[in-house]
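Below: one structure, written as structure tokens.
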Amino acid sequence: AQKITQTQPGMFVQEKEAVTLDCTYDTSDPSYGLFWYKQPSSGEMIFLIYQGSYDQQNATEGRYSLNFQKARKSANLVISASQLGDSAMYFCAMREGQRGSYIPTFGRGTSLIVHP
Amino acid sequence: DTAVSQTPKYLVTQMGNDKSIKCEQNLGHDTMYWYKQDSKKFLKIMFSYNNKELIINETVPNRFSPKSPDKAHLNLHINSLELGDSAVYFCASSHRGRNNEQFFGPGTRLTVL
């Protein structure tokens, strides 16, 4: 079974609107971390946001927020006020185990296109 | 003041050749990684080194071998290159004990002809 599932291969959003990118995960480890990365067409991988499994609050970083629903095992990324520069591939990733034994798994990504 | 650097950025070579990709990080991280991203953008971890010890080795062919001369470097050696090795290879690093956010290098696009 896939550990990270991103069901939306492609998403479209109008500039200045909000968009939610879905991510579900599968783990039996009580300690894990969830990450979102952005990969623009230039190819680099850019870290966006992190959520720990024991964190009580949903993570936020500027226009990015992570809608963490532990019981549902979902960690959706919400981008508010979309900008043209947000057009990119977005990857959800999970680290299982204690912090000293990072075992990273990435989802297959969602391609986001922001329309003017 | 690049955080994670890789050389070369592009590598074009013939089948059967042996090549290396270098990676260096100046973040003081103690764990480094190599990923392979295929043409469908799927990102798969290949290796991870922590304090000079291999801690993850996904089932990659033994033609691939990581070499870490010190904590700041993790090079990737590939022997007998095959067409299927064509991909973008990313190096990354992180710090143990933090939230394990990984910092990625710019990637090396390997094309095997």
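The values are calculated or read from the model by the stated rules, or taken from the named source; none is laboratory data. These numbers were taken from a predicted model, which means no experiment stands behind them. Methodologically, a virtual Cβ is constructed for each residue, glycine included, from the backbone with ideal geometry; neighbour enumeration extends over all protein chains shown. Accessible surface areas use protein heavy atoms only, side chains included; no ligands, DNA or RNA. Shrake-Rupley method; radii C 1.70, N 1.55, O 1.52, S 1.80 Å.
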- Task: Would you check which residues across segment A:27-43 are open to solvent by 70 Å² or more (accessible area, probe 1.4 Å) and farther than 19 Å from A:Gly10 by Cα and list them?
- Result: A:Ser28, A:Pro30
- Query: Do we find that B:Ser20 is surrounded by fewer than 19 Cβ atoms within 10 Å (Cβ to Cβ), over 20 Å from A:Arg95 (Cβ atoms), in contact with a Cys (Cβ under 9 Å, 6 or more places away or on another chain) and hydroxyl-bearing (Ser, Thr, Tyr) in this structure?
  - Reply: no
- Lone qualifier among B:Ser39, B:Ser68 - being among the hydroxyl-bearing types (Ser, Thr, Tyr), touching a residue at least 24 places away in the same chain (Cβ under 8 Å) and in contact with a Lys or Arg (Cβ under 6 Å, 6 or more places away or on another chain): B:Ser68
- Within segment A:12-45, tally of residues that are under 24 Å from A:His115 (Cβ atoms) and without any contact (Cβ under 8 Å) to a residue 40 or more places away in the chain: 3
- Task: Mind counting the residues in segment B:79-105 that are touching a Leu at 6+ places or on another chain (Cβ under 7 Å), under 15 Å from A:Phe106 (Cα atoms) and at pLDDT 95 or above?
- Result: 2
- Task: Return only the number of the condition from (1) open to solvent by less than 20 Å² (accessible area, probe 1.4 Å); (2) at pLDDT 95 or above; (3) assigned to a strand (DSSP E or B) that B:Ile56 does not satisfy.
- Result: (2)
- Task: Would you mind telling me which numbered condition in (1) open to solvent by 30 Å² or more (accessible area, probe 1.4 Å); (2) of a type in the set (A, V, I, L, M); (3) in contact with a Gly (Cβ under 8 Å, 6 or more places away or on another chain) A:Leu84 fails?
- Result: (3)
- Among (1) within 12 Å of chain A (Cβ to nearest Cβ); (2) exposed (fewer than 13 other Cβ atoms within 10 Å of the Cβ); (3) in contact (Cβ under 8 Å) with a residue 24 or more places away in the chain; (4) closer than 26 Å to A:Thr105 by Cβ, B:Asn51 falls short only on (3)
- What are the residues in segment A:42-75 that are at pLDDT below 95 and among the hydroxyl-bearing types (Ser, Thr, Tyr), if any? A:Ser42, A:Tyr50, A:Ser53, A:Tyr54
- Give just the number: which of (1) hydrophobic (A, V, I, L, M, F, W, C); (2) out of contact with any Leu (no Cβ under 9 Å at 6 or more places or on another chain); (3) at pLDDT 95 or above; (4) open to solvent by 80 Å² or more (accessible area, probe 1.4 Å) does A:Phe12 not satisfy? (2)
- Note on the structure: Taking segment A:34-53 and keeping only residues that are more than 9 Å from chain B (Cβ to nearest Cβ) and not in a strand (DSSP E or B), one is left with A:Pro40, A:Ser41, A:Ser53
- Close pairs from segment B:1-17: first of a type in the set (D, E, K, R), partner open to solvent by less than 90 Å² (accessible area, probe 1.4 Å), Cβ under 7 Å, at least 6 apart: B:Lys9/B:Pro106; B:Lys9/B:Thr108
